[in-house]
1. So for region A:72-87 (the condition being in contact with a strand residue (DSSP E or B) (Cβ under 8 Å, 6 or more places away or on another chain), more than 22 Å from residue A:129 (Cα to Cα) and charged (D, E, K, R)), does at least one residue qualify?
2. What number of residues within region A:28-45 are modelled with pLDDT of 85 or more and touching a helix residue (DSSP H, G or I) at 6+ places or on another chain (Cβ under 8 Å)?
3. Could you tell me which residue of region A:127-151 is surrounded by the most Cβ atoms within 10 Å (Cβ to Cβ), considering only residues that are assigned to a loop (DSSP other than H, G, I, E, B) and facing another protein chain (nearest Cβ under 10 Å)?
4. Which of (1) under 28 Å from residue A:3 (Cβ atoms); (2) out of contact with any strand residue (DSSP E or B) (no Cβ under 9 Å at 6 or more places or on another chain) is the odd one out, the single condition residue A:128 does not satisfy?
5. Which of the following residues is modelled with pLDDT under 90 and within 14 Å of another protein chain (Cβ to nearest Cβ): A:65, A:48?
6. Pairs needed: first member in region A:15-37, within 21 Å of residue A:62 (Cβ to Cβ) and free of Cβ contacts under 8 Å to residues at least 60 places away in the same chain; second member anywhere, assigned to a strand (DSSP E or B) and open to solvent by 60 Å² or more (accessible area, probe 1.4 Å); C-beta distance under 7 Å; at least 6 residues apart or different chains.
7. Select from region B:171-181 the residues that are surrounded by fewer than 17 Cβ atoms within 10 Å (Cβ to Cβ) and facing chain A (nearest Cβ under 9 Å) and list them in ascending order.
8. Output the residues belonging to region A:68-109 that are within 10 Å of chain B (Cβ to nearest Cβ) and among the small types (Gly, Ala, Ser).
Amino acid sequence: MLRIDQVSKAYMADGTRARTALRDITLHAEPGEFICVVGMSGCGKTTLLRLVAGLEQPSSGRITLNAELIDRPHPERTLVFQEYALFPWRTVLHNVTFGLELKNVGRRAATRQGIHYLKLVGLDSFRHHRPHELSGGMRQRVALARALAVEPEVLLMDEPFGALDALTRGRLQQELAELQQREGRTVLFVTHSIMEAVFLADRIVVLHPEPGRIGATYEVDLPCPRDLKSTDFQGLCERIEADLSPGTQGASGSNPTDQGTARRNPCNI
Amino acid sequence: MPARFLTRAALPCLLLALWQALALWIDSPTVLPGVEAVAQVLAHPFQPILITGSLIYNLLVSLLRVICGFVLAAALAVPLGLLLGMSPRTERLFESLIELLRPVPPLAWVPLLLTWFGLAGPAEYLPLPREWAVLESLKFSMIAVITIGAFFPILLNTIQGVRNQPRICIESARTLGARRTTLLAKVILPGSLPFLMTGLRIGMGIGWMCLVAAEMLPGSSSGLGYLVWYAYELMHTEIILAGILIIGMVGLLLDQGFRFLETRLCPPTTRI
């Protein structure tokens with residue numbers, strides 16, 4: 001079980017003044033739970049993921065996975081970035097087997113497992129291609145297969161579909177939802193798209209900005225696969241949207257321009 | 001392909017014709033020998049020239065020196081470049097020293113190197129059979145000049161290559177389980193390979209140029225540079241020209257060799 005307990009994170013903004021990125025975040029994820037964190041840009045979503053990944057350390061509070069303190073990156077928690085971050089000199093298959101090589105899994109076993117996960121994301125026939133020969137959506141599938149291939153306990157996804165066009169994004173969301181039904185991993189998924197969150201998540205956590213802190217949480221008990229056009233789906237989207245809008249935050253010091261854009265463009269799925 | 005080849009060959013052929021015409025017109029082999037006189041020298045590479053040994057012997061001496069110096073430079077500059085690229089603090093420590101030494105022309109070191117090493121060479125410290133006389137011409141001072149010349153381009157390109165690694169590439173490798181050494185071997189090194197190869201290629205070119213120039217300075221008694229200089233002193237212009245041609249061709253071949261390696265080792269991967 002992943003436990004984030006009263007975690008705060010402050011950065012030195014201009015050498016003297018500390019800026020609080022996250023304040024008092026407490027979030028517990030059951031094994032196999034798909035949690036979406038939604039919030040506007042700059043609310044600390046990415047920071048939260050980087051803390052769980054172990055790429056950064058919290059200023060206070062603690063994060064544990066199965067009661068063990070997280071203080072460094074480990075393949076039990078892999079991260080999928082928005083910008084793919086594939087290794088351009090490796091083929092698709094060798095990108096996917098990268099983490100397995102580091103685990104000293106034998107070459108044949110690694111290849112077998114790599115191909116298994118490439119099949120899962122539908123890119124088995126591209127295994128000998130190099131990343132630059134693939135489209136954005138395909139690259140992100142490779143990144144997903146690479147993150148899954150080491151069989152992490154927790155999969156962290158930082159706006160993984162943010163750089164893709166709407167059609168590709170929709171297809172990948174569908175695929176991820178199906179994948180999650182089979183794989184059943186704990187997923188912490190960060191997005192600014194409310195519809196994406198409602199489509200994918202078991203639970204949605206709203207993060208308010210400046211400093212980043214948790215607002216409301218929503219259990220999503222809509223049946224899977226979810227119907228984007230159902231009234232329940234849209235009703236939940238609207239509730240979350242209202243929650244994200246200014247005036248409901250109750251805290252001072254928020255940035256009005258950020259909220260303005262968020263309101264004008266609420267569901268950019 | 002043939003048309004391309006013709007385009008490439010056109011200018012050198014024109015130059016040859018012009019040279020020959022000029023040589024006939026001037027009619028003084030000391031000022032400008034004919035093409036055939038230079039070709040004669042090039043056609044007999046094993047024939048001893050003057051007292052300095054054959055063309056091939058001097059070429060071999062120069063090549064051996066440049067390879068030794070280059071390997072030494074790469075062995076020093078690549079690890080240091082990786083270290084400085086990965087650790088900004090270490091780079092700050094070294095920065096002023098590097099910036100101070102880098103602008104010094106490698107040839108300016110020759111007097112100092114001669115003072116230190118004299119005419120000693122590695123051959124003196126190795127029990128070598130007589131047939132390996134070529135190795136006796138290696139000379140520490142010559143090797144050191146090449147090392148100095150090749151060192152900085154390799155170092156700076158390696159640093160640049162490491163710096164140029166996208167942070168998310170390194171971070172995703174870390175979340176997939178890469179620790180310090182595996183990160184270096186599996187991500188930073190292959191990722192910076194295109195830069196590294198460019199550095200090695202430029203370093204080799206500069207090393208070659210430095211060597212030939214250094215061989216012309218006092219203290220040298222073999223090598224292509226020495227051959228050219230010696231031919232000048234005896235007014236054998238055809239040997240000067242033959243030497244220059246060989247120097248150019250070897251430089252070209254070394255460069256092409258590295259370009260070939262570059263395309264083999266680093267396929268065109270647009271950065272992602």
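The values are calculated or read from the model by the stated rules, or taken from the named source; none is laboratory data. Not measured: the values here are computed from a predicted model. Here the Cβ positions follow ideal geometry from the backbone for every residue, glycine too, while neighbour counts run over all protein chains shown. All accessible areas refer to the heavy atoms of the entire protein, side chains included, with ligands and DNA or RNA removed. Shrake-Rupley method; radii C 1.70, N 1.55, O 1.52, S 1.80 Å.
1. Yes, some residue in region A:72-87 is in contact with a strand residue (DSSP E or B) (Cβ under 8 Å, 6 or more places away or on another chain), more than 22 Å from residue A:129 (Cα to Cα) and charged (D, E, K, R).
2. Here the count works out to 4.
3. In this case the residue turns out to be A:150.
4. Going through (1) under 28 Å from residue A:3 (Cβ atoms); (2) out of contact with any strand residue (DSSP E or B) (no Cβ under 9 Å at 6 or more places or on another chain) one by one, residue A:128 breaks only (1).
5. Going through A:65, A:48 in turn, just one is modelled with pLDDT under 90 and within 14 Å of another protein chain (Cβ to nearest Cβ): A:65.
6. Pairs that qualify, where the first residue is within 21 Å of residue A:62 (Cβ to Cβ) and free of Cβ contacts under 8 Å to residues at least 60 places away in the same chain and the partner is assigned to a strand (DSSP E or B) and open to solvent by 60 Å² or more (accessible area, probe 1.4 Å), are A:18/A:11; A:18/A:12; A:28/A:3.
7. B:179
8. Selection gives A:85, A:99.
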